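**Q** Below you will find the structure I want to go over with you.
The values are calculated or read from the model by the stated rules, or taken from the named source; none is laboratory data. Please read these numbers as outputs of a predicted model, since none were measured by experiment. Positions of Cβ are backbone-derived with ideal geometry, glycine not excepted, and every protein chain shown enters the neighbour counts. For the accessible areas, the whole protein counts, side chains as well, though only heavy atoms, and no ligand, DNA or RNA atoms are used. Shrake-Rupley method; radii C 1.70, N 1.55, O 1.52, S 1.80 Å.
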Amino acid sequence: MTSAPVPGTKHGMAQQTDQSDHVGHLRALLRENPTLFRDYPDLLEELELAPGEEASVVALEHARNRRLERRLGELKSELEKLVETARENDRLARQLHRLTVELLGCDDGHELVHALLEGVRQNFRVEAVGLRMAREWFAPNLDERFLAPQLWVQKRFVASSKVILGPPEDPEGVTGLYGETGEAVRSQALVPLRDGTQLFGLLGLGSSEADRYTSGMGTAYLERLAELAEALLARYARD
């Protein structure tokens, strides 16, 4: 007596491969003969369909059209998202350029810090913006309210060089960075400010929306913002 092949054995795998080959041959046959069911309507009688489904050329055509309509709807939704992303990127590019011009016109460090924070709040549309610079680097050239010990900055920024996106995991750090506005922060972007490889500051963008900043999102404009802030703030570092 011959036993049936067991799935996972060589015979079982051969059956699965053969079935896959059959499906591939069928696809190729239908591509080469798109009018097959119309030319041989008797084939429809041999199709196995779900209860209530009708085996006819008209029914198959309707099913195909419904599938195409669904796919068209999916593509339309994807296109709308791409267009919206392109518009947002264009807006950010223009706003970042405007902010750059404004910051270049600042006369001193105090004016620069306030213009930077307000510009980030408006252009990136966030509820909270925080800036902390290493006191050892910038006192007394910058406003004391925006200074903190360098160890504090390093402790709050654990990554080596990248922007950190996601929910705040350090309540004390959120309060120290954003002040009273930090209570509403549910997601944030932490941007390191460096002079070469040396970390001298931290810029934070906080949002009340939990999904505003999530891991895996693009950070190109935040990185450009960091380069701008680094270059301008470094002017006020002590020798």
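**Q** Within the range 140-161, how many residues turn out to be open to solvent by less than 20 Å² (accessible area, probe 1.4 Å) and either part of a loop (DSSP other than H, G, I, E, B) or among the basic types (Lys, Arg) (or both)?
**A** If we filter the range 140-161 for residues that are open to solvent by less than 20 Å² (accessible area, probe 1.4 Å), which is where we start, we get 142, 147-148, 153, 157.
Restricting the remaining residues to those that are either part of a loop (DSSP other than H, G, I, E, B) or among the basic types (Lys, Arg) (or both) gives 142, 157.
The number of residues fulfilling the criteria is 2.
**Q** OK, next. Would you confirm whether any residue within the range 116-126 is free of Cβ contacts under 8 Å to residues at least 24 places away in the same chain, farther than 26 Å from Arg94 by Cα and either touching a strand residue (DSSP E or B) at 6+ places or on another chain (Cβ under 9 Å) or exposed (fewer than 14 other Cβ atoms within 10 Å of the Cβ) (or both)?
**A** Within the range 116-126, none of the residues are free of Cβ contacts under 8 Å to residues at least 24 places away in the same chain, farther than 26 Å from Arg94 by Cα and either touching a strand residue (DSSP E or B) at 6+ places or on another chain (Cβ under 9 Å) or exposed (fewer than 14 other Cβ atoms within 10 Å of the Cβ) (or both).
**Q** Give me a count of the residues in the range 185-218 that are basic (Lys, Arg) and in a strand (DSSP E or B). It would help to see each step written out before you state the result.
**A** As a first pass, look at the range 185-218 and keep what is basic (Lys, Arg): 186, 194, 212.
Within this subset, residues satisfying the condition of being in a strand (DSSP E or B) are 194.
The total comes to 1.
**Q** Tyr221 versus (1) part of a helix (DSSP H, G or I); (2) of a type in the set (Phe, Trp, Tyr); (3) in contact with a strand residue (DSSP E or B) (Cβ under 8 Å, 6 or more places away or on another chain): which is the lone unmet condition?
**A** Only one criterion is unmet by Tyr221, namely (3).
**Q** Here's a follow-up. Kindly provide the set of residues from the range 202-239 that are modelled with pLDDT of 90 or more, within 20 Å of Pro167 (Cα to Cα) and touching a Phe, Trp or Tyr at 6+ places or on another chain (Cβ under 9 Å), ordered by number.
**A** Residues satisfying the conditions are Leu202, Gly204, Leu205, Gly206, Ser207, Leu222.
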